[in-house]
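Written out below as structure tokens is the structure these notes cover.
The values are calculated or read from the model by the stated rules, or taken from the named source; none is laboratory data. Every value quoted in this text rests on a predicted model; they were computed, and no experiment measured them. Every residue, glycine as well, gets a Cβ built from its backbone with ideal geometry; the counts of neighbours run over all protein chains shown. Surface areas here come from the heavy atoms of the whole protein model, side chains and all, with no ligands, DNA or RNA. Shrake-Rupley method; radii C 1.70, N 1.55, O 1.52, S 1.80 Å.
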Amino acid sequence: MHRKPGHTVRVEPSNAKAPTTLPNVGPSSNRPSPPGHRERDAAIVENDVSLGHGRSTLLGFWPEPDDDPGVPLGREPVVAVSADGAVTRGILWTPPAGTPWKTAVALSHPRGDFSVHYACPLLAAAGYAALGFATRYVNNDTDCLHEKAILDVETMVTELRRRGAEQVVLLGNSGGGSLMALAEAAAAGEGRTLGDGFIGLAAHPGEGRFMLQVIDPSVLDEDDPMATDPALDMYNPDNGYRPWPEPCRYDREWLAGYRRAQQERVARIDAIAKSSIDRRSEFAQQAKAAEKGSPKWNELRRHAVFFDYLRVYRTLADPAYLDLAIDPDDRPLGSVFAWPDPLVSNYGFGGLARTMTARGWLSTWSGLSSPAEVATTVPAVRSPTLIVHATADTEIRLHQARGIFEAAGAEDKTYVEVKGAEHYFPGRRREAMDTVIDWMRPRYP
């Protein structure tokens, strides 16, 4: 269906009809196989995680069995080298053999491998090429520099155009939203246009901005993970905490101070990171002035190249995880990053940005320093824009999704809320992708 520029749409849950945009001809295992190949093909299908077969994983963006469109799709590995020599890898998904395509969708994430993303097979089945890829920081963002990651995005967009794409739509899911918006903004700053469209699918306002809402401000000492200010501890019963899975209730005046303290902790970590970088720079200058090969030069050079890694403890402490009256929406208690109690992940295994280089922290996870803040980048996105928000998302608030839409610089922009859907749209992916494809059809036929 065609939607007028700027039109806001609400998508209600529906179990009354099957999706109409995407083909549904039955599971892949029902497709005929050449004689003698059925046993082998059955084994492949059984373990083809990329099409939703095999055992489930902890990667929420990987396809589920219901995401298999049931048609044979093209899949080709793509390897490209960026201008600075970094290798970027992905998979190009294409429509069934003999089906021409003109528009390609590029999707990635700072550290996630989106070559196997639930959107890829569904987009390909609808007649689009989809290139899901990983940046140079795949599975390890310890030294993630968004300024470098956007080079990987540009490299893959260039590769798509080289392969015949007449138009390229940038799709940013979760942390990929801020990455894609930054890439487009960087191109706009040089007087260029990178993509011909922008889709934010459960996209948050930036990894740094996200960190500002989840970092634990009660940490008293960055070198002591247990040092805690009880007055700022959301897991302190005196402040309204109740053991999981009981809901909590936090005083709103206390919450305002908590949010201020979160910013103050990020500022303290920023200061540590910047001081580390300044020390390296100072030693480098001193090494240049010393006699090369001398004991003094040798010592200075070691300090100049030394990388001081930050250990950032307790990064899963958003009171909204346990008090659903804070920024109310349809979300359940808890977080997608917790198994299941946020307290356990805040102190134990889990959380984000736990080990970072100074420059990686400043570029990616600092809400005060990172350039990848959607509020400052999405105004530069002038191409047709679609923002899709899941109202039961435990990580992204309604006001944040709506704020991204309002800040978008495109004249042709659309906002959709999928009521009751969670961050990775489990069980609702066809509905969400039908919305995406319905939006794309009139713009990228």
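General observations
- Label zone (GLU299, point 7 Å along Cα-to-C-beta; backbone nitrogen cut-off 19 Å) within region 256-283: 279-283.
- Gaussian network model of the chain, springs between alpha carbon atoms under 10 Å - residue of SER82, SER363, SER178 with greatest fluctuation: SER82
- Spin-label model, GLU246 to ASP48: label points 7 Å out along the Cα-to-beta-carbon direction sit 5.0 nm apart.
- Once the C-beta distance of ARG192 and VAL336 is scaled by a Förster radius of 30 Å, the resulting FRET efficiency is 0.30 to the nearest 0.05.
- Projected label distance in nm at ASN140 and ARG259, using a 7 Å step from Cα toward the beta-carbon: 3.8 nm
- Amide H contacts under 5 Å for VAL105, placed H, 5+ residues apart: ALA129, ALA130, LEU131, VAL169
- Between the beta carbons of MET226 and ILE272, assuming R0 = 22 Å, the FRET efficiency works out to 0.70 to the nearest 0.05.
- Ordering of 276-282, 383-389 by packing [mean C-beta count within 10 Å, highest first]: 383-389, 276-282
- Label-reachable residues, region 388-407, where backbone N falls under 20 Å from a point 7 Å from ALA325's Cα toward its Cβ: 397-399
- Taking the charge dipole of the chain about its Cα centre, with +1 at Lys and Arg Cβ atoms and -1 at Asp and Glu Cβ atoms, the residue from TRP93, VAL416, ALA375 reaching farthest to the positive side is TRP93.
- Nearest-10 value in Å² for the accessible area of LEU324, using the 1.4 Å probe: 70 Å²
- Rounded to the nearest whole Hz, the Karplus-based 3J(HN,Hα) values (6.51 cos²θ - 1.76 cosθ + 1.60, θ = phi - 60°) of region 389-403 follow the sequence 10, 8, 6, 9, 5, 6, 10, 10, 8, 4, 5, 6, 5, 5, x, with x at glycine and proline.
- The residues THR158, THR135, sorted by heavy-atom accessible surface at 1.4 Å with ligands and nucleic acids left out, run THR158, THR135 from largest to smallest.
- Among CYS248, CYS144, CYS120: highest mean-square fluctuation, GNM of the chain, C-alpha pairs under 10 Å: CYS248
- Distant-in-sequence amide contacts of ASP308, defined by a placed amide H-H separation under 5 Å and a gap of 5 or more residues or a different chain, comprise ALA358.
- Each Lys and Arg contributes +1 and each Asp and Glu -1, all at the Cβ; summed about the Cα centre of region 235-274, the dipole is approximately 160 debye.
- For the set TRP439, TRP244, the ranking by accessible area, highest first and with no ligand, DNA or RNA atoms included, is TRP244, TRP439 under a 1.4 Å probe.
- Modelled spin-label separation between VAL87 and LYS292, with each label point placed 7 Å from Cα along the Cα-to-Cβ direction: 3.2 nm.
- 11 Å cut-off, amide nitrogen to a point 7 angstrom out along ALA375 Cα→Cβ, residues in region 204-230: 205-206, 209-210
- Sequence-ordered 3J(HN,Hα) estimates for region 263-271 from the Karplus curve with 6.51, -1.76 and 1.60 and θ = phi - 60° stand at 5, 5, 5, 4, 5, 5, 5, 4, 5 Hz, glycine and proline given as x.
- Amide H contacts under 5 Å for ARG331: none, restricted to partners 5 or more places along the chain or on a different chain, H placed in the peptide plane at 1.01 Å from N.
- Each part gets one Cα centre, and for region 425-442 versus region 232-311 those centres are 41 Å apart.
- Accessible area per residue (1.4 Å probe, heavy atoms of protein chains only) ranks PHE349, PHE198, PHE337 as PHE349, PHE337, PHE198, with the largest value leading.
- Under Karplus coefficients 6.51, -1.76 and 1.60, residue-wise ³J(HN,Hα) of region 407-422 in Hz, glycine/proline x: 7, 4, x, 6, 6, 9, 9, 9, 10, 10, 10, 9, 5, x, 7, 9
- A Gaussian network model of the chain, with springs between Cα atoms under 10 Å, assigns the largest mean-square fluctuation among GLU291, GLU190, GLU395 to GLU291.
- Proximal lysine pairs, the chain, alpha carbons under 29 Å, eight or more residues apart or interchain: 15
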